[in-house]
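Colleague: Here you go, one structure.
The values are calculated or read from the model by the stated rules, or taken from the named source; none is laboratory data. Computed from a prediction, not measured in an experiment: that's the story for all the values here. Neighbour counts are summed over all protein chains in view; Cβ atoms, including those assigned to glycine, are modelled from backbone coordinates with ideal geometry. To get the accessible areas, we keep the full protein, side chains included, count just its heavy atoms, and leave off ligands, DNA and RNA. Shrake-Rupley method; radii C 1.70, N 1.55, O 1.52, S 1.80 Å.
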Amino acid sequence: MREGWEIKNLNDICSFYNGLWTGKKPPFNKVGVIRNTNFTKEGKLDDREIVYLEVEQSQFLKRQLQYGDIILEKSGGGPKQPVGRVILFDKKEGDYSFSNFTSVIRVHDLANVNFEYLHRYLHHLYISGATESMQSHSTGIRNLKFNEYKAIKIPLPTLPEQQRIVSILDEAFVAIDKAKTNYEQNLKNAKELFASYLEEVFRKKGDGWEEASIGEIGKVCMCKRILKHQTTAHGEIPFYKIGTFGKEPDAFISESLYSNYRQKFSFPKKGDVLLSASGTIGRRVIYDGKPAYFQDSNIVWVDNDESIVLNSYLYHVYGSCKWNATNGATIARLYNADLRQIKFTFPQSIQEQRKIVITIESILSRSEFLQSVYIKKIQDLDELKKSLLQKAFCGELTANQLVEANV
């Protein structure tokens, strides 16, 4: 930190206000209420889906948002979403308040503290993970330890220096966000181009091509049901459930049960394409022939004749499907009847099927390479933002940072 900068507790330079209570006594005001869903990971207000409520006027007047307020997410989140996000309220017109899952931080020393500077600093603490230790868990909800948060140390240069830092950060972030938007569009284009190519291949019709339904080329199969008491946390044969399909198993069955069920009931051949039929529909795994067992009805395969349609061709057919999954009360499910009715086209020549598979996999390889490049670029830009924020609040940010960033 630069010489001459002050350090103050957040509580010393701000006032804090708890979230809205709508009340029951008239008169009422129609008020836009900022909720957790209006927070973005970039620290900005997303006002596309603000909820408007009839709020008791006296309650609203106590919790009316003002231009420059910093709204803090104090409760919510989950195992993978820490609370502590902050957004800057930048509206100068309209009646707005904030939900009881949030709080407002209002700078009361505007002669010495720029609220935009403070917002950028608190956002920096959130994305750097510095506020994660200030959280408690209760019934699946995270809560910010408010006393700890209020005691956060704020590095404060002079007001003109705060304004300079905000200006440099904003200019840099505009350039970074523009570059990120371009890479995200390129990533989307790469995915859509490959999907479009697949769709075109499997809708082709002409001489030497045939159209069939999945049910016409083979039988939909599944393994014999495994009961919970037949599994263990550690063991001999991996048992893949829908949650671990294509991942690491967390359940096992005995070798004797595996051998018995494999001999007596349906079991995939090496090379068969296993499909997820619940949750995320259509995840694919080619069975490698190694000892393993698969959850009945949730993981299925088609016992097809490879003299008609190759498994490798069928694998890519599945990749192009728009699954007609039935949406139940809790999760989506692909029933066997749905799967059997899916139509696709294929060349009658097995040699031609092999050529198509080779072409598809070559294009897929290039597409995945491009996607990995774009994903890495996006990640690098996110890290660049963190780096610039870190430099800003250590007194190391200079006006040529944007040029050095080369975005």
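Colleague: Looking only at segment 30-49, decide whether some residue is in a strand (DSSP E or B), in contact with a helix residue (DSSP H, G or I) (Cβ under 9 Å, 6 or more places away or on another chain), modelled with pLDDT of 90 or more and surrounded by 21 or more Cβ atoms within 10 Å (Cβ to Cβ).
Modeller: The answer is yes, given that some residue of segment 30-49 is in a strand (DSSP E or B), in contact with a helix residue (DSSP H, G or I) (Cβ under 9 Å, 6 or more places away or on another chain), modelled with pLDDT of 90 or more and surrounded by 21 or more Cβ atoms within 10 Å (Cβ to Cβ).
Colleague: Taking Lys219 as the residue in question, decide whether it is within 25 Å of Trp301 (Cβ to Cβ), surrounded by fewer than 14 Cβ atoms within 10 Å (Cβ to Cβ) and either acidic (Asp, Glu) or touching a residue at least 24 places away in the same chain (Cβ under 8 Å) (or both).
Modeller: yes
Colleague: Do we have any residue at all in segment 222-233 that's modelled with pLDDT under 95, in a loop (DSSP other than H, G, I, E, B), small (Gly, Ala, Ser) and open to solvent by less than 20 Å² (accessible area, probe 1.4 Å)?
Modeller: No - not one qualifying residue is present in segment 222-233.
Colleague: Follow-up question, since we're still on this one. List every residue pair whose Cβ atoms sit under 6 Å apart, with the two residues 6 or more apart in sequence or on different chains, where the first one lies in segment 356-379 and is closer than 21 Å to Leu310 by Cβ and the second, anywhere, is part of a helix (DSSP H, G or I).
Modeller: Every condition considered, the pairs that remain are Val357/Ser312; Val357/Tyr313; Ile360/His316.
Colleague: Within segment 234-350, which helices (runs of 4 or more DSSP H) (wholly inside it) include 1 or more residues that are open to solvent by 30 Å² or more (accessible area, probe 1.4 Å), farther than 30 Å from Gly208 by Cβ and modelled with pLDDT of 95 or more?
Modeller: 255-264
Colleague: Output the qualifying pairs, or none if there are none: Cβ atoms under 6 angstrom, residues six or more apart or on different chains, first residue in segment 1-19 and touching a residue at least 12 places away in the same chain (Cβ under 8 Å), second residue open to solvent by 90 Å² or more (accessible area, probe 1.4 Å).
Modeller: Taking only residues 6 or more apart or on different chains, the pairs are Ile7/Lys153; Ser15/His108; Gly19/Asn100.
Colleague: Within segment 223-246, can you find the residues that are of a type in the set (A, V, I, L, M, F, W, C) and in contact with a helix residue (DSSP H, G or I) (Cβ under 6 Å, 6 or more places away or on another chain)?
Modeller: Matches in segment 223-246: Ile237 only.
Colleague: Mind listing whichever residues of segment 275-322 are over 23 Å from the mean Cα position of the chain (by Cα), farther than 24 Å from Gly235 by Cβ and among the hydroxyl-bearing types (Ser, Thr, Tyr)?
Modeller: Those that are over 23 Å from the mean Cα position of the chain (by Cα), farther than 24 Å from Gly235 by Cβ and among the hydroxyl-bearing types (Ser, Thr, Tyr): Ser307, Ser312, Tyr313, Tyr315, Tyr318.
Colleague: Something else: Condition check: touching a residue at least 60 places away in the same chain (Cβ under 8 Å) and either in a helix (DSSP H, G or I) or under 23 Å from Ala175 (Cβ atoms) (or both). Does Lys391 satisfy that?
Modeller: For Lys391, the condition - touching a residue at least 60 places away in the same chain (Cβ under 8 Å) and either in a helix (DSSP H, G or I) or under 23 Å from Ala175 (Cβ atoms) (or both) - is not met.
Colleague: Just need a number here: residues in segment 143-173 that are touching a Leu at 6+ places or on another chain (Cβ under 9 Å), exposed (fewer than 14 other Cβ atoms within 10 Å of the Cβ) and not charged (D, E, K, R).
Modeller: Residues that pass the stated criteria total 1.
Colleague: Assess whether Lys24 counts as being surrounded by fewer than 17 Cβ atoms within 10 Å (Cβ to Cβ), of a type in the set (Lys, Arg) and out of contact with any helix residue (DSSP H, G or I) (no Cβ under 9 Å at 6 or more places or on another chain).
Modeller: yes
Colleague: Tell me the residue from Tyr67, Tyr17 that is in a strand (DSSP E or B), of a type in the set (Ser, Thr, Tyr) and either surrounded by fewer than 19 Cβ atoms within 10 Å (Cβ to Cβ) or touching a Ser or Thr at 6+ places or on another chain (Cβ under 9 Å) (or both), please.
Modeller: Tyr17
Colleague: Name the single residue that is nearest to Tyr287 (Cα to Cα) among those in segment 174-198 being surrounded by 14 or more Cβ atoms within 10 Å (Cβ to Cβ) and charged (D, E, K, R).
Modeller: Lys191
Colleague: To continue, here is another question. Quick one: in segment 70-80, of everything that is of a type in the set (D, E, K, R) and in a loop (DSSP other than H, G, I, E, B), which residue is surrounded by the most Cβ atoms within 10 Å (Cβ to Cβ)?
Modeller: Per the stated criteria, the residue is Lys74.
Colleague: From the list Val83, Val55, Val113, pick out the single residue that is in contact with a strand residue (DSSP E or B) (Cβ under 6 Å, 6 or more places away or on another chain), farther than 24 Å from Ser167 by Cα, open to solvent by less than 50 Å² (accessible area, probe 1.4 Å) and part of a loop (DSSP other than H, G, I, E, B).
Modeller: Val83
Colleague: Can you pull out the residues in segment 1-14 that are part of a loop (DSSP other than H, G, I, E, B) and open to solvent by less than 80 Å² (accessible area, probe 1.4 Å)?
Modeller: Result: Gly4, Trp5.
Colleague: Given the structure, is Glu211 in a strand (DSSP E or B) and surrounded by 13 or more Cβ atoms within 10 Å (Cβ to Cβ)?
Modeller: Yes.
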